[in-house]
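Q: Sharing a structure here in structure tokens format.
Readers should treat all values here as calculations from the given coordinates under stated rules, not as data from a laboratory. Predicted model only: the values in this text are computed from it and were never measured. With ideal geometry, Cβ positions are generated from the backbone for all residues, glycine too; neighbour counts draw on all protein chains shown.
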Amino acid sequence: MLVTENLTIRFGGHVAVDGVSCSFEPGTLTAIVGPNGAGKTTYFNLISGQLKASSGRVLLGGRELTGLPASARTRAGLGRAFQLTNLFPSLSVLENVRLAVQATQRGAHQRGLNLWSVWSDHRQLADRAAAILESVALLGRADSPVASLPHGDQRKLEVALLMALEPQVYMFDEPTAGMSHDEAPVILDLIRRLKQDRSKTILLVEHKMDVVRELADRIVVLTNGQLVADGEPAEVMASSVVQEAYLGRRAQEAA
């Protein structure tokens with residue numbers, strides 16, 4: 001589904017991601033882990049198009065995305081959630097999702113203008129948005145301004161936006177960052193539900209090794225921008241080299 005080939009980016013003399021080649025298949029959740037500054041989020045940014053690679057390639061379903069901007073990669077099927085929420089704070093919860101649903105509609109502008117089609121399209125978009133909000137337990141806040149939501153609900157809304165875009169690949173960068181102990185399980189449960197669709201590929205950057213242990217089918221370890229381990233969770237987490245040098249004390253405690 002998703003492939004990176006020798007993906008590299010340099011900032012002056014610093015190589016932040018160094019020749020990372022990896023493939024990610026449908027029906028799997030891959031956790032990308034490593035110490036702070038290992039290049040995990042930079043690798044995500046190269047895949048999703050927030051950064052331009054110095055060299056290497058990104059392919060999705062055999063189609064090369066390397067030269068495309070982030071917006072085109074989203075349309076191609078890459079869905080990205082960030083450490084910080086990326087929402088329209090002045091709009092309502094429903095309107096945020098409706099706009100994302102609308103972005104997935106193809107060819108609607110080709111039908112010409114008539115009042116019935118405009119009303120019908122709006123009704124269908126709103127119904128689809130409401131169904132997505134119900135699936136993430138936010139339908140009761142549909143008319144609330146996004147700015148009024150607590151942080152945990154904003155993270156849930158960002159997952160709802162990804163679902164509305166119907167991507168082939170879901171990319172989560174520390175999805176529980178900044179969330180309380182009570183809020184985090186809601187997001188993790190949403191990711192578990194997304195895993196049930198075996199046609200989707202999920203990538204997860206996460207520091208919490210208990211979360212990685214529970215959700216991941218596979219672990220990829222980066223350090224100093226290089227891929228240093230790749231395999232099943234038990235195999236990777238059992239490696240003393242990985243635990244001591246790349247995952248740190250937290251992994252030792254979780255083992």
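Q: Sort LEU203, LEU188 so the one with the fewest other Cβ atoms within 10 Å of its own Cβ comes first.
A: Ranked by crowding around the Cβ, least crowded first: LEU188, LEU203.
Q: Turning to a different aspect of this structure: For the chain, state what percent of all Cα-Cα pairs lands in each successive 10 Å bin, counting from 0 Å until the bin that includes the largest distance.
A: Here the calculated profile for the chain is 7, 29, 34, 21, 7, 2, 0.
Q: Tell me which DSSP H helices of the chain clear both cut-offs, 20 Å or more of axial length from alpha-carbon atoms and a mean Kyte-Doolittle hydropathy of at least -0.5.
A: Helices meeting the criterion: 115-135, 151-165.
Q: What's the exposure ranking of LYS208, LYS40, going from fewest to most Cβ atoms within 10 Å?
A: The fewest-first ordering by Cβ neighbours comes to LYS208, LYS40.
Q: Starting from the Cα of LEU59, step 7 Å along the direction of its Cβ; do the same at SER240; then give the gap between the two resulting points in nm.
A: 4.0 nm
Q: Next up: Pairs on different chains or at least eight residues apart, Cα atoms closer than 21 Å: how many lysine pairs in the chain fit?
A: Lysine pairs meeting the criterion: 7.
Q: Additional query: Nearest 5 percent is fine: what portion of the DSSP beta bridges confined to the chain is antiparallel?
A: Percentage antiparallel, nearest 5: 55.
Q: Sum up the charges of everything whose Cβ sits under 14 Å from the Cβ of ILE47, counting Lys and Arg as +1 and Asp and Glu as -1, but leave ILE47 out.
A: Around ILE47, the surrounding residues sum to +3.
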